[in-house]
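Peer 1: Provided herewith is a single structure, encoded as C-alpha cells, for subsequent inquiry.
The values are calculated or read from the model by the stated rules, or taken from the named source; none is laboratory data. In this text, all values refer to a predicted model and were calculated from it rather than measured experimentally. All Cβ positions, even for glycine, are placed from backbone atoms using ideal geometry, and neighbour counts span all protein chains on display.
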Amino acid sequence: MKHYQSATAVIATLLTLAALAGYSFTNAQQSESASVVDQRPSFTQGEATSNITQLYNWSGSNPRTANIATVKSSDGTQWTVPAKTNFQTIKAADLYNEASGFTPAGTADVELDAVPVIDAGGKEVFTAYVFGDNYFEFHVNGKLLAVDAIPMTPFNSSIIRFKASRPFTIGIMGVDWEERLGLGFEKFRGADFHQGDAGLVAVIKNSAGDTIAITDQSWKAQTFYTAPLKSKSELVLKNGIRDSSAANTGDIADGSSYYAAHWPVPENWSAPRFDDSRWPFASTFTNEFVGVDNKPAYTNFTDIFDNEVANAQFIWSSNLVHDNLVLLRKTVDK
Ligand SMILES: [Ca+2]
Ligand SMILES: [Ca+2]
Ligand SMILES: [Ca+2]
Ligand SMILES: [Ca+2]
C-alpha cells in the first residue's frame, strides 16, 4: 500500500512538472492540427454601415442592387461583405444574360468561337460553362481568369474558354449575394429579413466537346462567411466542417442584431499546391432544392447542365442558405 502511494505520488509529481513545462499528455500533435483545421471565426453583429458601394444595379424584372460594404468585428478586424471581389476586372462571356440582351434559346444559338481564349498556361483549349447563384470568380492554377458579369440579379450563366495543360486545378469563389450587408439577409417579396440561398453548377469540356469535369461531390468546398446566426453557438466547428445547420432558415421579423462569422480567405487558395485536404467535400443539391425551374439562364442549357452522360450537380458547402462566401476546388487530371 505504501509502495503504491509512493508510485502515485511520483506520477503526480511528474505530471505537475510536465504541466509546468507546458506539456500536455493529451495528444499534442492532434490538438494542434485540430485547432488549425477548426479555425475560430471572427464574429460581427448587425448590419454593415460603412463604405457602402454600389457594384451593380439591375432595374429590369426582379430588380436588385448589388452593394458591398465593410463591417468591423469586436477585435477591430474589418471585413468586406458579402465578399471582396474582382468585379471590375475581366467579365466572363455570356451564355445567357438578360441584362446584356443576350438570351439564346439553347446551346445551338451560342457561337463558341466568338468567345476569347484566356491563357492559363498550356496548349489544350477548354470551355467552362457556369451558372452560379449568385456570383462567381473562376480561377485556373491560381490565376483569376474571369468573373461573373452579374453579382445578384438577373440570374445569368457564363462561358469561360481557356488554355491549360492537364492536370490543372480549378478554383471557384462562389458568393450568395445579400441586401442586408453583413447579415446575410435579403429584402424579398415584402420580407425585410429573408434568407437567400446559393448553389453553383459548372461543366468543363475539351476542344472535342467531351465533358472532362463536372461539379459533384468530389470537389472541395469551404465557407468563409456564414450568416445570419441568431447566436454564435449556432455555428459548430468540427473536423474542418463549419456547421451552421442549427441556424434557422426562415424569414425573421427583425434580424438586425444577428451575428455573422468570418474567416480570412487564404492568399493562395486557388493554387494547385494549396492544401485543401482538411476542407470538407462539397455537398450536392437538386435542381428543385436550388430552384432553377424559372431561370432560363439554366433551363435553356439542360443539354449542358443536366446531360444524361455527365450530369453536373449543384454544389456548395454544407449549408446552402447560411454559407455566403464559399471557395470550391477541383483538380482535373484525366
Ligand atoms: Ca450571376
Ligand atoms: Ca442567392
Ligand atoms: Ca444537373
Ligand atoms: Ca445566404
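Peer 1: Starting from residues that are outside any strand (DSSP E or B) and either among the hydrophobic types (A, V, I, L, M, F, W, C) or within 16 Å of ligand 1 (Cβ to nearest atom) (or both), keep the ones in the stretch 166-184 and report whichever is nearest to the chain's Cα centre (by Cα).
Peer 2: Looking at residues that are outside any strand (DSSP E or B) and either among the hydrophobic types (A, V, I, L, M, F, W, C) or within 16 Å of ligand 1 (Cβ to nearest atom) (or both), I get D176.
Peer 1: Could I ask something else about it? Just checking, does the stretch 216-233 include any residue being out of contact with any strand residue (DSSP E or B) (no Cβ under 8 Å at 6 or more places or on another chain), modelled with pLDDT of 95 or more and assigned by TED's automatic domain parsing to the domain that holds D306?
Peer 2: yes
Peer 1: Can you go through S283, S277, S318 and tell me which one is over 16 Å from F131 (Cα atoms), surrounded by fewer than 14 Cβ atoms within 10 Å (Cβ to Cβ) and out of contact with any Cys (no Cβ under 7 Å at 6 or more places or on another chain)?
Peer 2: So the residue among S283, S277, S318 that is over 16 Å from F131 (Cα atoms), surrounded by fewer than 14 Cβ atoms within 10 Å (Cβ to Cβ) and out of contact with any Cys (no Cβ under 7 Å at 6 or more places or on another chain) is S277.
Peer 1: Please find, within the stretch 73-91, the residue that is farthest from E186 (Cα to Cα) out of those that are surrounded by fewer than 17 Cβ atoms within 10 Å (Cβ to Cβ) and of a type in the set (G, A, S).
Peer 2: If we take residues in the stretch 73-91 being surrounded by fewer than 17 Cβ atoms within 10 Å (Cβ to Cβ) and of a type in the set (G, A, S), then G76 is farthest from E186 (Cα to Cα).
Peer 1: Moving on. Would you check if there is a residue in the stretch 56-72 being within 23 Å of D303 (Cβ to Cβ) and buried (at least 17 other Cβ atoms within 10 Å of the Cβ)?
Peer 2: Among the residues of the stretch 56-72, not one is within 23 Å of D303 (Cβ to Cβ) and buried (at least 17 other Cβ atoms within 10 Å of the Cβ), which makes the answer no.
Peer 1: Follow-up question, since we're still on this one. Where residues in the stretch 205-223 are of a type in the set (A, V, I, L, M, F, W, C) and crowded, with 24+ Cβ neighbours inside 10 Å, which of them is farthest from T80 (Cα to Cα)?
Peer 2: The qualifying residue farthest from T80 (Cα to Cα) is W219.
Peer 1: Take the residues in the stretch 289-308 that are surrounded by fewer than 18 Cβ atoms within 10 Å (Cβ to Cβ) and within 16 Å of ligand 4 (Cβ to nearest atom), then tell me which one is farthest from Y129 (Cα to Cα).
Peer 2: Once the filter is applied, the top-ranked residue is F289.
Peer 1: From the set of residues in the stretch 190-211 that are touching a residue at least 40 places away in the same chain (Cβ under 8 Å) and among the small types (G, A, S), which is farthest from ligand 1 (Cβ to nearest atom)?
Peer 2: Top of the filtered list is S207.
Peer 1: Given (1) more than 18 Å from the chain's Cα centre (by Cα); (2) over 30 Å from S74 (Cα atoms), identify the lone condition not met by P272.
Peer 2: (1)
Peer 1: Determine, yes or no, whether Y259 is more than 16 Å from ligand 1 (Cβ to nearest atom), at pLDDT 95 or above and not β-branched (V, I, T).
Peer 2: yes
Peer 1: Quick check on my filter: what residues within the stretch 107-140 are of a type outside the set (S, T, Y) and within 16 Å of ligand 3 (Cβ to nearest atom)?
Peer 2: Once the filter is applied, which keeps residues that are of a type outside the set (S, T, Y) and within 16 Å of ligand 3 (Cβ to nearest atom), the stretch 107-140 yields A128, V130, F131, G132, D133.
Peer 1: I would also like to ask the following. Considering only residues that are in a strand (DSSP E or B), touching a strand residue (DSSP E or B) at 6+ places or on another chain (Cβ under 7 Å) and crowded, with 16+ Cβ neighbours inside 10 Å, which ones fall in the stretch 92-124?
Peer 2: Answer for the stretch 92-124, where residues must be in a strand (DSSP E or B), touching a strand residue (DSSP E or B) at 6+ places or on another chain (Cβ under 7 Å) and crowded, with 16+ Cβ neighbours inside 10 Å: A93, D94, L95, Y96, I118.
Peer 1: Just checking, which of K187, K163, K143 is in contact (Cβ under 8 Å) with a residue 12 or more places away in the chain, surrounded by fewer than 20 Cβ atoms within 10 Å (Cβ to Cβ), away from ligand 3 (no atom under 16 Å from the Cβ) and over 18 Å from the mean Cα position of the chain (by Cα)?
Peer 2: Going through K187, K163, K143 in turn, just one is in contact (Cβ under 8 Å) with a residue 12 or more places away in the chain, surrounded by fewer than 20 Cβ atoms within 10 Å (Cβ to Cβ), away from ligand 3 (no atom under 16 Å from the Cβ) and over 18 Å from the mean Cα position of the chain (by Cα): K163.
Peer 1: Pairs needed: first member in the stretch 49-60, without any contact (Cβ under 8 Å) to a residue 24 or more places away in the chain; second member anywhere, part of a loop (DSSP other than H, G, I, E, B) and of a type outside the set (D, E, K, R); C-beta distance under 9 Å; at least 6 residues apart or different chains.
Peer 2: Between residues of the stretch 49-60 that are without any contact (Cβ under 8 Å) to a residue 24 or more places away in the chain and residues that are part of a loop (DSSP other than H, G, I, E, B) and of a type outside the set (D, E, K, R), the close pairs are T49/L181; T49/G182; N57/P63.
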